[in-house]
Amino acid sequence: MGLRYLSAGESHGKALTAIIEGIPSLIKLKAEEIDEELARRQKGYGRGKRMQIEKDRVKIISGVRLGKTIGSPICLMIENKDWDNWQNIMSLVPDAAKMENRMTRPRPGHADLAGLIKYRHDDLRDILERASARETAIRVAVGAVCKALLREFDIRIISHVIQIGDVRAENIPDDPNKIWKNAEKSPLRCSDINSEIKMMAKIDKARQLGDSLGGIFEILAIGVPVGLGSYVSYDRRLDGRLAQSLMSIPAIKGVQIGMGFDSASKYGSQVHDEIFYQEDKGFYRKTNRAGGMEGGVTNGQPICVQAAMKPIPTLYKPLKSVDIVTKKPFDASVERSDICAVPAASVIGESCVAFEIARAFLERYGGDNLEQTKKAWQEDQDYLKAFY
Ligand SMILES: Cc1cc2nc3c(=O)[nH]c(=O)nc-3n(C[C@H](O)[C@H](O)[C@H](O)COP(=O)(O)O)c2cc1C
C-alpha cells in the first residue's frame, strides 16, 4: 500500500483532521515544524479578517513518538479556536432553531447551489462548511509531514507568486535559493520587489472597487531524482498526478507544467530540451522547458509547475443570485472575505506537490523505515553515477 491520506472536518466544525498512512518510521517530526507551515498559509497581503482570528496549531494524535514517526498512521488535528461560538450552529443533534437560521442564498462561484441539489439539503451551510477553502489548512499539515520525509533526501519544494491580476513579476531570479529567500520575506510571496509593489497597488484598487483578484503561482521541486512516476499507465504519470492535485485546490482553474500553454504556439525546436553529453557532467540539458518531466517521468531537472487562481468569488460588490425559497433575486455580498489569496494558495500548492512527490518517491524506493528507503535510494544514486 502506498502513501495515502484522508481528511475530514468542516470550516466551523470542532476540528479539521487527517490520517496519513505509509510514511516510513524513523523520520524526525515535530508539531512546531507543521505549525510553521500552517502560519505560512495564513499570511498574505489581501486576505480577510478571519486570518487574524485563527492561529492554526496542529495536534499530532498518533504515529509519532519521541520526535520520530513510528510507522503507524499519523493522525493530525487542527482545532477550531472559535468552536464555542459555533457549537449551536454546528450541533450534532436536530435543532428547532435551524430552519430559522438556515442559509438560502447561494453564492455564485461557489459549490452552494450544485451541492444543495446534489446532497438534497435545504440549508446552504451543509454545503459551504466543507466546500470552503478552510479544508486546505489540514492539507498543509499533511504536506509538512511529506516535506519532513523529502528533506531526508535533500528534496526541496519552493513556491512563489508570479502574477496578481494582470501584473506579472518581471525580474525573477534564476537561482531557486534567491527566489525562496525573497518570497519568504514578501507579503505576496513575490520574488521581485518592484513587481510586488505594483501587485499590492492592484490589490488595493480591487479593495476600493469592492472586487477581488486572482493570479498565478509557481512551484519548484529541487533535487527530485530521475525516474519518479511512469509512462506505463495513465494514472502513474507524475505530470497528470501533479495537475490533479493542484487543480483540486479551491479556485485553481489552470495548471501548466514547464512551458505549458506557451508551447502550443511555438515550433518544436523552441520547445524541447536537447540532450548533451560531457564527460565531467554526464548527460545534461541547457534548458528545462519540459518542467522536469518527460513522458510523465521525472528527468532529474527541477520540476516547474504553475497554477492559475481565479478571483475570489465572494465580493464586497454584490453579484446577482436567487434565493432558493422565495425564488426572488438578491445581491450576494459579504462582510468578511479575502480579496486575494494567491500567496496562501501557493503554500497550499507546495503541500500538494510535496504529497505527490513523496508518494511517487515511496512507490519507487519504498521501505517500512527510513533506513530501508535510504538504502534503495542510495543504490539508485550509485547506478545513476555509473550511468552518467
Ligand atoms: C487560500 C484560499 C482562500 C480562499 N478564500 C476565499 C474567501 O475568503 N471567499 C471566497 O468566496 N472564496 C475563497 N476562496 C475560493 C473558494 O474556496 C472557491 O472559489 C470555491 O470553493 C469554489 O471552488 P472552485 O473555485 O474551485 O470552483 C479561497 C480559496 C483559497 C485556496
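The values are calculated or read from the model by the stated rules, or taken from the named source; none is laboratory data. All figures in this text were calculated on a predicted structure; none of them were measured in a lab. Neighbour counts are summed over all protein chains in view; Cβ atoms, including those assigned to glycine, are modelled from backbone coordinates with ideal geometry. Side chains included, ligands, DNA and RNA excluded: accessible areas come from the protein's heavy atoms. Shrake-Rupley method; radii C 1.70, N 1.55, O 1.52, S 1.80 Å.
Proximity of backbone amide H atoms, modeled 1.01 Å from N, is registered between Val322 and Phe330 at under 5 Å, excluding neighbours fewer than 5 places apart on the same chain.
Taking a straight line from the alpha carbon of Lys320, these lysines sit under 17 Å away, with near neighbours fewer than eight places off in the same chain left out: Lys328.
Tell me which DSSP H helices of the chain clear both cut-offs, 18 Å or more of axial length from alpha-carbon atoms and a mean Kyte-Doolittle hydropathy of at least 0.0. Could the numbers behind the result be given before it?
Values: long enough: 136-151 (22 Å, 1.27); 193-209 (24 Å, -0.37); 342-365 (33 Å, 0.75); 370-387 (25 Å, -1.39).
Membrane-span-like by this rule: 136-151, 342-365.
The residue list Tyr45, Ala183, Ala360 was ranked by how far each Cα lies along the charge dipole of the chain toward its positive end, using unit charges on Cβ atoms, and Tyr45 comes out on top. Stretching Trp83 away from Lys317 to a fully extended chain increases their span by 81.3 nm, per 0.36 nm per residue minus the current alpha-carbon distance. Using the rule -39500 (n - 2.57) for each DSSP H run of four or more residues, divided by the residues of the chain, the 222 nm mean residue ellipticity is -10500 deg cm²/dmol. For His272, the solvent-accessible surface with a 1.4 Å probe is about 120 Å², rounded to the nearest 10.
Using 29 Å as the Cα-Cα cut-off, could you pick out the over-long pairs in Lys185/Lys375; Lys59/Lys185; Lys181/Lys317; Lys147/Lys375; Lys253/Lys374; Lys68/Lys178? Kindly include the intermediate steps, with their values, before the conclusion.
Details: Lys185/Lys375 37 Å; Lys59/Lys185 27 Å; Lys181/Lys317 36 Å; Lys147/Lys375 19 Å; Lys253/Lys374 37 Å; Lys68/Lys178 31 Å.
Table pairs above 29 Å Cα-Cα are Lys185/Lys375; Lys181/Lys317; Lys253/Lys374; Lys68/Lys178.
Using r as the Cβ-Cβ distance of Tyr234 and Glu21, and R0 as 25 Å, what FRET efficiency do you calculate, to the nearest 0.05? Computed FRET efficiency for Tyr234 and Glu21 comes out at 0.55. Neighbours of Glu170 by Cβ distance under 12 Å: Lys/Arg scored +1, Asp/Glu scored -1, total 0.
Would you work out the charge dipole size for region 134-231 about its Cα centre, treating the Cβ of every Lys and Arg as +1 and the Cβ of every Asp and Glu as -1, and quote it to the nearest 20 debye?
Using only the charged Cβ atoms, the result is roughly 280 debye.
If you take the charge dipole of the chain about its Cα centre, with +1 on Lys and Arg Cβ and -1 on Asp and Glu Cβ, which of Leu128, Val297, Ile61 is farthest toward its positive end? So the residue furthest toward the plus end is Leu128. In the calculated pair-distance distribution of region 295-359, the portion above 17 angstrom amounts to 62 percent of the Cα-Cα pairs.
Net charge near Glu218, counting Lys/Arg +1 and Asp/Glu -1 over other residues with Cβ under 11 Å of its Cβ? Kindly include the intermediate steps, with their values, before the conclusion.
On the way: positive: Arg189; negative: Glu350.
Net charge around Glu218: 0.
Please get the size of the charge dipole for the chain, origin at its Cα centre, with Cβ charges of +1 on Lys and Arg and -1 on Asp and Glu, quoted in debye to the nearest 20. Don't skip to the end; give the middle numbers.
Values: 58 positive and 52 negative charges, 164 e Å.
The calculation lands at about 780 debye.
Take the Cα of Ala8, step 7 Å toward its Cβ, do the same at Lys253, and the gap between the two points is 3.4 nm. Of all aspartates and glutamates in the structure, those lying under 20 Å Cα to Cα from Lys327, and not within fewer than 8 positions of it along the same chain, are Glu100, Asp112, Asp122, Asp123, Asp126.
Kirkwood hydrodynamic radius of region 329-388 from all distinct Cα pairs, in Å? Each step should come with its number before you reach the end.
Details: mean 1/r = 0.0649 Å⁻¹.
Roughly 15.4 Å, rounded to one decimal.
Hey, what did region 58-169 get for relative contact order, percent, Cα under 8 Å, at least 6 apart?
Computed value for region 58-169: 16 percent relative contact order.
With charges set only on the Cβ (+1 for Lys and Arg, -1 for Asp and Glu), what does the dipole of region 218-369 come to about its Cα centre, in debye to the nearest 20? Walk me through the numbers on the way to the answer.
On the way: 17 positive and 17 negative charges, 120 e Å.
Around 580 debye, computed over region 218-369.
Relative to the present Cα-Cα distance, how much length would full extension add between Lys118 and Asn194 at 0.36 nm per residue of separation? Show your work: numbers first, answer last.
Values: separation 76, 0.36 × 76 = 27.36 nm, distance 4.64 nm.
Length difference between fully extended and current span is 22.7 nm.
Protein-only accessible surface at a 1.4 angstrom probe places the residues Asp123, Asp82 in the order Asp82, Asp123, largest first.
Residue separation times 0.36 nm, minus the C-alpha to C-alpha distance between Arg65 and Val93: what's the value?
On the way: separation 28, 0.36 × 28 = 10.08 nm, distance 3.62 nm.
Stretched out fully, the Arg65 to Val93 stretch lengthens by 6.5 nm.
Backbone geometry of region 270-286 corresponds, through the Karplus equation with coefficients 6.51, -1.76 and 1.60 at θ = phi - 60°, to 3J(HN,Hα) couplings of 8, 10, 8, 8, 5, 9, 10, 9, 9, 4, 6, 10, x, 6, 8, 10, 8 Hz, x marking Gly and Pro.
When Arg120, Arg289 are compared by accessible surface with a 1.4 Å probe, the order from highest to lowest is Arg120, Arg289. Each residue of region 298-309 was assigned a 3J(HN,Hα) from its phi angle through the Karplus curve 6.51 cos²θ - 1.76 cosθ + 1.60 (θ = phi - 60°); the sequence is 5, 10, x, 7, x, 7, 10, 10, 10, 10, 9, 10 Hz, with glycine and proline shown as x.
Report Rg(Cα)/(2.2 N^0.38 Å) for the chain, keeping two decimals. List each step's numbers first, then the result.
Details: Rg = 22.3 Å, N = 388, 2.2 N^0.38 = 21.2 Å.
Scaled against compact globular proteins, the figure is 1.05.
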